[in-house]
Amino acid sequence: MSAIETKQVPLHFEQRDAVSPTDEKVDIDNNGSDTADNGKAVKTDGMAEALLLEPPNPWAPHMFKLYAVLFVCYLCATTNGFDANTFGGLLATPTFTGYFALNSDNEGLVTAMYVIGNCVGSVFAAECADRWGRKFGMTLGSAICIVAVIIQVSSNSRGALMAGRFILGFGAVLVQTSGPAYAAEMSHPAYRGVLTGLYETMFFLGTILTTWTEYGLSYMTNPSSFQWRFPLSLQALPSLVILTFIWKLPETPRWYMSQGREETAKAILVKYHAGGNEDSLVVKVELDEMRELISVDGADKRWWDWTCLFNDRGNRHRFSLVAAIALFGELDLPPTSYYLPLMVATAGITSTKTQLLLNALQTPIMMISALSGLRWIDYFGRRPLLMISSAGMAASVFIITACTAHQAGHPVIGGVGIAFIYVFLVIFAFAWTPCQYLYPSEVLAFANRAKGLAALNLMNNLCKVLNTYVPPIAVKNMNWRFYILYGIWDAIGVVFMYFFFVETRGRNLEEIDAIFDDPHPVKASLAMQVHDTAVKKASQHVEGTLPHEPQI
């Protein structure tokens with residue numbers, strides 16, 4: 001790869017000095033330079049210093065308005081969560097598999113139709129989010145999902161079921177592209193890690209409701225098609241809520257800035273990030289950085305221009321990280337949301353009710369773990385948590401493999417193997433669930449964000465096609481040996497992340513661009529973290545511990 005000319009951006013960390021303990025209180029002007037009360041010019045650290053000088057209050061009324069707005073977009077992830085475990089539970093429901101004559105030879109294809117719909121929809125998802133806005137993508141995708149649910153619920157043949165799943169996947173990818181972009185762009189910069197990480201965590205709202213519904217329906221004394229038609233109908237619930245409230249949501253300020261509507265962008269930032277304070281320092285820094293780096297004629301205006309993901313060294317690095325999230329996040333283990341009943345059956349548990357109970361238990365356990373991980377995502381950073389998580393996942397997979405290989409005649413060993421499936425899920429959910437859309441949304445520049453997220457969804461779903469269609473056949477023919485491949489892949493992920501993943505903690509979205517302009521992005525991102533710590537300690541030395549201080 002050839003080196004490119006370094007773009008001159010404001011607030012580049014190499015051009016800034018840490019705040020000296022002897023410096024007076026600093027005012028930041030529109031150009032990113034500071035003027036102390038004593039008239040001495042000093043350098044600003046951009047958003048990091050702005051947050052120290054103007055610490056936000058997470059309990060302020062305007063923040064709760066922001067939380068409510070973001071919750072609506074979180075339901076885009078819930079839409080996807082409904083399908084994953086709904087269909088996984090139905091594959092263990094005799095009234096469903098018998099009605100559609102599903103078996104190990106055809107269930108992989110029927111399951112994968114949702115994923116295939118995702119892949120096709122990915123081509124159009126970026127255009128919806130870029131040309132007409134993030135809200136439009138969420139609205140159109142939700143409407144399509146409702147139509148798809150109606151087709152599935154009324155299905156009387158396998159072909160109709162597959163058609164409904166394809167259309168559902170098509171609509172779901174539209175919301176899965178616009179939703180995380182909306183969350184990242186609307187979140188307050190002090191809490192972007194938590195607020196954007198919550199997006200994928202809300203995946204489990206759908207899975208919890210549907211898996212426990214299926215478990216309860218398994219006790220019907222006179223089983224009928226209601227056992228599967230009702231859970232399928234629940235898939236429309238998040239889409240209905242989104243369509244009800246989407247009209248009350250603002251478009252993201254960054255999208256307005258890209259349309260040349262700076263005053264509208266400022267009004268949204270002032271309302272949701274500053275509680276109506278027109279002179280907010282944080283809002284001023286946000287606007288300055290957006291004004292500098294968001295273009296009104298960028299690649300986001302050209303739906304056919306996907307070369308923006310690869311046209312220079314920095315963008316190629318960004319895209320490699322997005323691809324890594326897809327590859328290491330999806331090919332870590334057979335999708336337990338679909339195949340946990342099959343995996344526990346391999347371990348010797350054949351009771352349908354027990355399989356459905358184990359399928360239902362995984363979702364609240366994973367949600368608790370994901371919410372716990374959010375507490376530390378801004379404290380430790382994305383990079384170390386993902387590496388530690390992948391190392392733990394690799395170890396868990398090897399233990400699962402060993403237990404599965406030696407469980408014959410040893411029910412205790414089989415039980416240990418099942419227990420480590422849940423250990424794997426806890427470790428995965430702690431870091432990977434929050435970061436699956438947080439990290440790509442952060443490393444992608446605005447002009448590439450929708451296209452990059454659409455590409456992420458496409459790669460996610462291509463991996464899911466492979467990981468959905470292959471496991472039933474592979475487990476049947478290779479048994480425990482098949483799992484070894486996943487353990488090796490998880491270990492490779494740790495090595496890749498060490499050498500190529502940058503740290504994004506504590507940077508505004510536009511400030512992250514400076515990382516990829518550096519000849520050595522990983523080193524630059526880690527140096528930024530050291531610099532931020534020095535700024536924070538120096539500021540605390542001057543003014544003492546600040547109230548409501550965010551983790552940066």
Can you tell me which of 430-440, 69-79, 215-225 comes out highest on packing, and rank the rest after it, using the mean Cβ neighbours within 10 Å? 430-440, 69-79, 215-225
Beyond 28 Å (Cα-Cα) in this structure, taken from K271/K523; K248/K451; K135/K284, we find K271/K523
Residue-ordered couplings for segment 258-265, obtained by feeding phi - 60° into the Karplus form 6.51 cos²θ - 1.76 cosθ + 1.60 and rounding to whole Hz (Gly and Pro as x), are 5, 9, x, 10, 5, 5, 5, 4
Cα gyration tensor of segment 53-249 diagonalised, 5x eigenvalues square-rooted, in angstrom largest first, produces semi-axes 33, 19, 13
Accessible area (Å², 1.4 Å probe, nearest 10) - L237: 80 Å²
For segment 306-540, take the convex hull of the Cα atoms, compute a quarter of its surface area, and give me that in nm², please. 13.9 nm²
Calculated FRET value between V147 and Q259, using beta carbons and R₀ = 25 Å, to 0.05: 0.25
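Please compute the length gained on full extension between L361 and A101, using 0.36 nm multiplied by the number of residues separating them and subtracting their Cα-Cα distance. Each step should come with its number before you reach the end.
Numbers: separation 260, 0.36 × 260 = 93.60 nm, distance 2.72 nm.
Roughly 90.9 nm would be gained on extension.
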Extended-chain gain in nm, criterion 0.36 nm per residue less alpha-carbon gap, H410 and F64: 119.3 nm
So how do V522, V426 rank on accessible area, 1.4 Å probe, biggest first, that is with the largest at the start? V426, V522
Convert each backbone phi in segment 285-290 into a coupling constant with the Karplus relation 6.51 cos²θ - 1.76 cosθ + 1.60 (shift: θ = phi - 60°), then list the ³J(HN,Hα) values in order as whole Hz, x for Gly and Pro. 5, 4, 5, 4, 6, 5
Ranked highest first by average number of other Cβ atoms within 10 Å, how do 504-511, 238-245 line up? 504-511, 238-245
In whole angstrom, how far apart do the alpha carbon centroids of segment 434-478 and segment 50-114 sit? 15 Å
Separation of the T352 and F500 label points, Cα + 7 Å toward Cβ, nm: 4.5 nm
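For segment 53-249, with every protein chain kept in place, what is the accessible area per residue (1.4 Å probe, Å²)?
That works out to 32 Å² for each residue.
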Would you work out the relative contact order for segment 53-249, in percent, from Cα pairs under 8 angstrom that are 6 or more residues apart? 38 percent
In Å², and per residue, what accessible area does segment 306-540 have when probed at 1.4 Å with the other protein chains present? 35 Å²
Carbon + sulfur, % of accessible area of segment 306-540 - ligands and nucleic acids excluded, 1.4 Å: 73 percent
Considering only protein heavy atoms and a 1.4 Å probe, what is the carbon-and-sulfur percentage of the accessible area of segment 53-249? 73 percent
From most to least accessible, 1.4 Å probe, no ligand or DNA/RNA atoms counted, I151, I246 line up as I151, I246
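The values are calculated or read from the model by the stated rules, or taken from the named source; none is laboratory data. This structure is a prediction, so every number in the text was calculated from the model and none was measured. Glycine gets a Cβ as well: all are built from the backbone with ideal geometry, and neighbour counts include every protein chain shown. When the accessible area is computed, the model is the full protein with side chains, heavy atoms only, and any ligands, DNA or RNA have been set aside. Shrake-Rupley method; radii C 1.70, N 1.55, O 1.52, S 1.80 Å.
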